[in-house]
Amino acid sequence: MTGYLDRLAELLREAHGLPADHVAAVVADLGSYLARAGGAEPEDAFGPVDAFARRLAPDRASAPADEHLETWCFLADTYADEELLNRFGDEGWEVERIDPPGRFVSQRDPERPRRWEYRREMATGAGGSRAEQLARDEQLARDGWEPCGDWVVYQWFKRPKAGATDPVPVPVPVPAEPPPAPPRRRGFLHLALRTLRGRRR
């Protein structure tokens, strides 16, 4: 296992130019996943290391952004992702996709922001039977959840945050005051640490 993750880290740093701190966080998260999976072989879980590194590398050819919308990309580890996503969803950030390095690519309409809520599940094939996961996905769709991205073994879902008393789910607008600006830093460590510190108080 260590040899695979070491080689993956080397490829992400040297061949794909990802920052060392980001690579370390990715490798730690993958190692934690493998340990929880009972020591599964990395190549069985993720495939050949060269191909997996390419999947995790940034997509250089991204579509041009809509200039009317604010765009923000951020990282969050699995200890804090749902809490952070829901906090940012309350500020009007809608996750459009998750890019190859695992960043949440989000957009917000500054003039008409809407609130969103999020949840994370294991990706299909990463645990449980195929039938169980198909039934789960059907239930999520019935409850208004739609997939907004997946990364390695996880899948994230979003839905507009509805008013509690509305008979039909309707997106709730963000209050009339200007929505908060995107946080200055784009990494996840300061956000995750702040969240974890807040839980201890």
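The values are calculated or read from the model by the stated rules, or taken from the named source; none is laboratory data. For clarity, every value in this text was computed on a predicted model and none was experimentally measured. Heads up, the Cβs are rebuilt from the backbone with ideal geometry, glycines too, and the neighbour counts pull from every protein chain shown. When the accessible area is computed, the model is the full protein with side chains, heavy atoms only, and any ligands, DNA or RNA have been set aside. Shrake-Rupley method; radii C 1.70, N 1.55, O 1.52, S 1.80 Å.
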Can you tell me which residues in region 129-162 are hydroxyl-bearing (Ser, Thr, Tyr) and either open to solvent by 40 Å² or more (accessible area, probe 1.4 Å) or more than 20 Å from Arg36 (Cα to Cα) (or both)? Ser129
Given (1) surrounded by fewer than 16 Cβ atoms within 10 Å (Cβ to Cβ); (2) in a helix (DSSP H, G or I); (3) modelled with pLDDT of 80 or more, number of the condition Leu11 does not satisfy: (1)
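Being open to solvent by less than 30 Å² (accessible area, probe 1.4 Å), in contact with a helix residue (DSSP H, G or I) (Cβ under 9 Å, 6 or more places away or on another chain) and either part of a strand (DSSP E or B) or more than 11 Å from Leu69 (Cβ to Cβ) (or both) is the filter here, so list the residues in region 89-107 that pass it.
The first filter runs over region 89-107 and keeps only residues open to solvent by less than 30 Å² (accessible area, probe 1.4 Å), leaving 89, 92-93, 95, 98-99, 101-102, 104-106.
Cutting the leftovers down to in contact with a helix residue (DSSP H, G or I) (Cβ under 9 Å, 6 or more places away or on another chain) gives us 93, 95, 101-102, 104, 106.
Correct list: Val95, Pro101, Gly102, Phe104, Ser106.
Among the residues in region 22-36, are any in a loop (DSSP other than H, G, I, E, B) and not aromatic (Phe, Trp, Tyr)?
no
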State which residue pairs qualify: first residue under 16 Å from Met122 (Cα atoms) and inside region 140-164, second residue in a loop (DSSP other than H, G, I, E, B) and β-branched (Val, Ile, Thr) in any location, beta carbons under 7 Å apart, and separation of 6 or more residues or different chains. Tyr154/Thr78
Flagged in region 108-147 as within 30 Å of Ala45 (Cβ to Cβ), at pLDDT below 90 and in a loop (DSSP other than H, G, I, E, B), in numbering order, are Ala123, Thr124, Gly125, Ala126, Gly127, Gly128, Ser129
Of all residues in region 93-106, count the ones that are out of contact with any Cys (no Cβ under 8 Å at 6 or more places or on another chain) and at pLDDT below 90. 3
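Which residues, counting only those in region 68-80, are touching a Phe, Trp or Tyr at 6+ places or on another chain (Cβ under 9 Å) and either assigned to a loop (DSSP other than H, G, I, E, B) or within 12 Å of Phe157 (Cα to Cα) (or both)? Before you say what the answer is, go through the steps one by one.
Restricting attention to region 68-80, the residues satisfying the condition of being touching a Phe, Trp or Tyr at 6+ places or on another chain (Cβ under 9 Å) are 70, 72-78, 80.
Result: Leu75, Ala76, Asp77, Thr78, Ala80.
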Could you grab the pairs with beta carbons closer than 9 Å, sequence gap of 6+ or different chains, first residue in region 39-53 and within 16 Å of Ala9 (Cα to Cα) and in contact (Cβ under 8 Å) with a residue 12 or more places away in the chain, second one open to solvent by 50 Å² or more (accessible area, probe 1.4 Å) and part of a loop (DSSP other than H, G, I, E, B)? Pro42/Met1
